[in-house]
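Contents: one structure, followed by commentary.
The values are calculated or read from the model by the stated rules, or taken from the named source; none is laboratory data. Note that this is a predicted model, so its numbers are computed, not measured. Cβ: placed from backbone, ideal geometry, glycine included. Neighbour counts: every protein chain shown. We work out accessible area using only protein heavy atoms, side chains counted, and drop any ligands, DNA or RNA first. Shrake-Rupley method; radii C 1.70, N 1.55, O 1.52, S 1.80 Å.
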Amino acid sequence: SKLTNLGDLEMTWRSRVRFHPLLVRILHKSRLRYYGKPEKKMDMPYQAYFEVADGSGMMSMVLWNSLCPEWYHSMKVGTVLLLEKYTIKTSYPFKTHPTPRDSQMKRFATIEISLNVRDPPSEIRIIPEEMVKPEWGLPEVKYWFITRSELDDLPNNHSCDVIGLVTFVGRAERARKREHSEDFWLYRWAHAIDGTSDQPFILELFATSQPDVFEHIHPMTYLVCTQMRVIQDLTENPSRTVYLTTSNESQIFITGWHKGQPYTKDAKVKNFIQWTKSQSEADHIKKTVIGGYYPFPRPPDSFLKY
């Protein structure tokens, strides 16, 4: 069928009622958002953002309401979609944006693709990877993996991807989203090593929309975390500790979930796998820890400094 592209959409969307089909690849995926309120009667008040791209650039795509439970888990980073009967809306100005891994890619930030269950009912098809043709010009998924030895030199809030062998995982903890709020964030701390430094990655992992992964992080698993943010202690603290925290677009993968993921082709991921083959599993198991209370960032060692 006759296709359009994201660049043409941005130029012509105001003058059109119907749009030609779109062929795009998912580059980023946000966590699932629940926006239900007691006074509003909605069956499925869910929403999820994706960043999709074709040869002309990248744009946000929003999945609404009952389409979320139907499609969210099938739409993975790297999935190719054929979209029909979608609508175009002005972008929501306050949403988070992932850091693009390809600085050359054009970003269309003024509009977004909206997929709804009615008015009109959007048609979504997933194209199997083996049927994707090079002449379609769809961009590949790119990553920005860093090693532990590179972490200390990165600025605060820098975005990166990491892979490591888990040596510690803490219990799940809760923090209030807002003061006096009944809503909580669920998170846990983890340490992962990659052989490039004596220090581990310290990871603050908030529960994403992957409960089956979040609940099964354990020592000796290979952990991949994408779209992580660097948190640098900006005070003049000589014992400052750098750690990484998840963002709205983070994805987490553990042993058993890596097969077929786009990052398996990355050079730093391959280097890490080579390093693990040279390690003694028994030695690492002796040093692993699970559960317990993990106070972090650590308080100063005296009341005077506190």
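Of all the residues that make up the range 236-295, how many are among the acidic types (Asp, Glu) and over 30 Å from TYR72 (Cα atoms)? Break it down stepwise before answering.
Start the filter on the range 236-295 by keeping residues that are among the acidic types (Asp, Glu), which leaves 236, 249, 266, 281, 283.
Those left that are additionally over 30 Å from TYR72 (Cα atoms): 236, 281, 283.
Qualifying residue count for the region: 3.
Which strands (runs of 3 or more DSSP E) does the range 93-192 wholly contain that include 1 or more residues that are of a type in the set (A, V, I, L, M), in contact (Cβ under 8 Å) with a residue 60 or more places away in the chain and touching a strand residue (DSSP E or B) at 6+ places or on another chain (Cβ under 8 Å)?
Numbers: elements: 107-115, 123-127, 159-169, 173-176.
The strands (runs of 3 or more DSSP E) meeting that bar are 107-115, 123-127, 159-169.
When the residues of the range 181-197 are narrowed to those that are of a type in the set (A, V, I, L, M) and open to solvent by 20 Å² or more (accessible area, probe 1.4 Å), which ends up nearest to PHE168 (Cα to Cα)? Break it down stepwise before answering.
Just the residues of the range 181-197 that are of a type in the set (A, V, I, L, M), to begin with: 186, 190, 192-193.
Filter once more, keeping what is open to solvent by 20 Å² or more (accessible area, probe 1.4 Å): 186, 193.
Values: LEU186: 18, ILE193: 10 Å.
In this case the residue turns out to be ILE193.
Name the one entry in PRO100, PRO121, PRO128 that is within 30 Å of ASP43 (Cα to Cα) and either of a type in the set (A, V, I, L, M) or in the same structural domain as MET11 (by the TED database) (or both).
Every option except PRO121 fails the conditions.
Taking the conditions exactly as written (of a type outside the set (A, V, I, L, M), open to solvent by 10 Å² or more (accessible area, probe 1.4 Å) and either in contact (Cβ under 8 Å) with a residue 60 or more places away in the chain or in contact with a Cys (Cβ under 9 Å, 6 or more places away or on another chain) (or both)), does GLY7 satisfy them or not? If you could, list the steps in order and put the result at the bottom.
Details: of a type outside the set (A, V, I, L, M): yes; open to solvent by 10 Å² or more (accessible area, probe 1.4 Å): yes; either in contact (Cβ under 8 Å) with a residue 60 or more places away in the chain or in contact with a Cys (Cβ under 9 Å, 6 or more places away or on another chain) (or both): yes.
So GLY7 fits the description; yes.
Against the condition under 17 Å from SER122 (Cα atoms) and without any contact (Cβ under 8 Å) to a residue 60 or more places away in the chain, how does VAL62 come out, does it pass?
Values: under 17 Å from SER122 (Cα atoms): yes; without any contact (Cβ under 8 Å) to a residue 60 or more places away in the chain: yes.
In short, yes.
Return yes when LEU27 is crowded, with 18+ Cβ neighbours inside 10 Å and part of a helix (DSSP H, G or I) and no when it is not.
Values: crowded, with 18+ Cβ neighbours inside 10 Å: yes; part of a helix (DSSP H, G or I): no.
The answer is no for LEU27.
What pairs come out if I take residues in the range 257-278 that are on the phi > 0 side of the Ramachandran plot and in the same structural domain as GLY195 (by the TED database) and pair them with residues that are open to solvent by less than 70 Å² (accessible area, probe 1.4 Å) and at pLDDT 95 or above whose C-beta lies under 9 Å away, six or more apart or interchain?
GLY260/GLY78
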